[in-house]
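S.K.: There's a structure below that I have some questions on.
The values are calculated or read from the model by the stated rules, or taken from the named source; none is laboratory data. Owing to the predicted nature of the structure, the values given are computational and were not obtained by experimental measurement. Neighbour counts run over all protein chains shown; Cβ positions are idealised from the backbone, glycine included. Quick note on the areas: whole protein, heavy atoms, side chains included, nothing else; ligands and nucleic acids left out. Shrake-Rupley method; radii C 1.70, N 1.55, O 1.52, S 1.80 Å.
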Amino acid sequence: MTAQLIDGNALAKTIRADVAHRTDALKARGVLPSLAIVLVGDDPASQVYVKHKVNDSSETGLKATLERYPASMQEAQLLSRIAALNADPSVHGILVQLPLPRHMDASKVIEAIAPAKDVDGFHVASAGALMVGRPGFWPCTPYGCLKMLDSIGYDLRGKHAVVIGRSNIVGKPMAMMLLARNATVTICHSATADLKALTLQADVVVAAVGKRNVLTADMVKPGAVVLDVGMNRNDEGKLCGDVDFEGVREVAGWITPVPGGVGPMTRAMLLVNTLEAAERAAG
Ligand code: GUN
């Protein structure tokens, strides 16, 4: 069997078109959805990421402002800037790009963002809302994965999903989203004993470790859906995921490529969350 591809670029495009449409409707009511992006320091990868976020926003009609501060910024200054953004009714979403400089406490900074503006979904209030099934903001990467499953009409009820990776921003929220759809969920990490015995039972595997070849063909049940959250470089320096794509695609029923899979969906879901924040604020 050769797996069908779940095309993240194509799906993200349709989501962006929907965001643009809803943004127009909001603008017609006098509300311009607005995202404040805060970048502290000069981490090269972060600079690329925030540039994408600004461009994605303007291409869909949202307003994005990028605030850049030197790595020497004091935590108290950042907290007071976040307080000002919280209080500004023209700002609907606030995103503090991570990582922050080492002298800052990232949790304290994220917890300073008003939950109603936490479009990254990283605040404990957002995590709690997801856990108990209340409205909040879902972290963009697992939210994008769920949308990919929806795009193929996949019914999770009664299915077994294995999530490899237990980070607070991907693995754990992914597991909650799958549980909310009535899947049976196993959360593993790369050191889980006999990972293969678990993945071989899985109807859905989400690989989110950040290490190449975490999932190989011998670990996959024929026909399973494989979502690859990894973002690594192979020996030739080419972008690759956590999944041995060439091998696994011969066994799986569906698979997401890297690049062009989960990555563009993560970017699209930030726009969705920002728009959602503006819609909620507009009432
Ligand atoms: N750094 C890498 N990815 C992300 C993200 O999705 N949000 C934030 N705030 N920082 C990041």
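S.K.: Of these, Thr266, Thr216, which one is among the β-branched types (Val, Ile, Thr), closer than 17 Å to Asp150 by Cα and open to solvent by 10 Å² or more (accessible area, probe 1.4 Å)?
M.R.: Step by step, each of Thr266, Thr216 is checked, and only Thr266 is among the β-branched types (Val, Ile, Thr), closer than 17 Å to Asp150 by Cα and open to solvent by 10 Å² or more (accessible area, probe 1.4 Å).
S.K.: For the list (1) without any contact (Cβ under 8 Å) to a residue 60 or more places away in the chain; (2) basic (Lys, Arg); (3) under 27 Å from Ala17 (Cα atoms), I need the number of the one condition that Arg280 fails.
M.R.: Among (1) without any contact (Cβ under 8 Å) to a residue 60 or more places away in the chain; (2) basic (Lys, Arg); (3) under 27 Å from Ala17 (Cα atoms), the lone unmet condition for Arg280 is (1).
S.K.: Which is surrounded by 21 or more Cβ atoms within 10 Å (Cβ to Cβ) and among the basic types (Lys, Arg), of Lys117, Lys147?
M.R.: Lys117
S.K.: Hey, another quick one. Go through Leu200, Leu156 for me and flag whichever is surrounded by 18 or more Cβ atoms within 10 Å (Cβ to Cβ), more than 16 Å from the ligand (Cβ to nearest atom) and either over 18 Å from the mean Cα position of the chain (by Cα) or touching a residue at least 40 places away in the same chain (Cβ under 8 Å) (or both).
M.R.: Leu156
S.K.: Give me the residue from region 120-144 that is open to solvent by 70 Å² or more (accessible area, probe 1.4 Å) and assigned to a helix (DSSP H, G or I) and, out of that set, nearest to the ligand (Cβ to nearest atom).
M.R.: Here the answer is Val124.
S.K.: Considering each residue of region 1-15, count those that are within 18 Å of Lys147 (Cα to Cα), in contact (Cβ under 8 Å) with a residue 12 or more places away in the chain and open to solvent by less than 70 Å² (accessible area, probe 1.4 Å), and give that number.
M.R.: Matching residues across region 1-15 total 5.
S.K.: If you go through region 9-51, how many residues are within 13 Å of the ligand (Cβ to nearest atom), in a helix (DSSP H, G or I) and either of a type in the set (A, V, I, L, M, F, W, C) or within 25 Å of Ile255 (Cα to Cα) (or both)?
M.R.: So the count comes out to 4.
S.K.: Let me ask you something else. Considering only residues that are in contact (Cβ under 8 Å) with a residue 40 or more places away in the chain and under 17 Å from Arg68 (Cβ atoms), which ones fall in region 23-44?
M.R.: Leu35, Ala36, Ile37, Val38, Leu39, Val40, Gly41, Asp43
S.K.: Would you say Asp228 is touching a helix residue (DSSP H, G or I) at 6+ places or on another chain (Cβ under 7 Å) and either crowded, with 21+ Cβ neighbours inside 10 Å or under 24 Å from Thr14 (Cα atoms) (or both)?
M.R.: It is true that Asp228 is touching a helix residue (DSSP H, G or I) at 6+ places or on another chain (Cβ under 7 Å) and either crowded, with 21+ Cβ neighbours inside 10 Å or under 24 Å from Thr14 (Cα atoms) (or both).
S.K.: Can I ask one more? For Lys147, indicate whether it is more than 25 Å from Asn9 (Cβ to Cβ) and either part of a helix (DSSP H, G or I) or at pLDDT 95 or above (or both).
M.R.: So Lys147 fails the test.
S.K.: Follow-up. Would region 204-215 turn up any residue that is touching a helix residue (DSSP H, G or I) at 6+ places or on another chain (Cβ under 8 Å), within 16 Å of the ligand (Cβ to nearest atom) and at pLDDT 95 or above?
M.R.: yes
S.K.: Would you please name the residue that is farthest from Val162 (Cα to Cα), looking only at residues in region 215-274 that are part of a helix (DSSP H, G or I) and polar (S, T, N, Q)?
M.R.: Ranking the qualifying residues of region 215-274, first place goes to Thr274.
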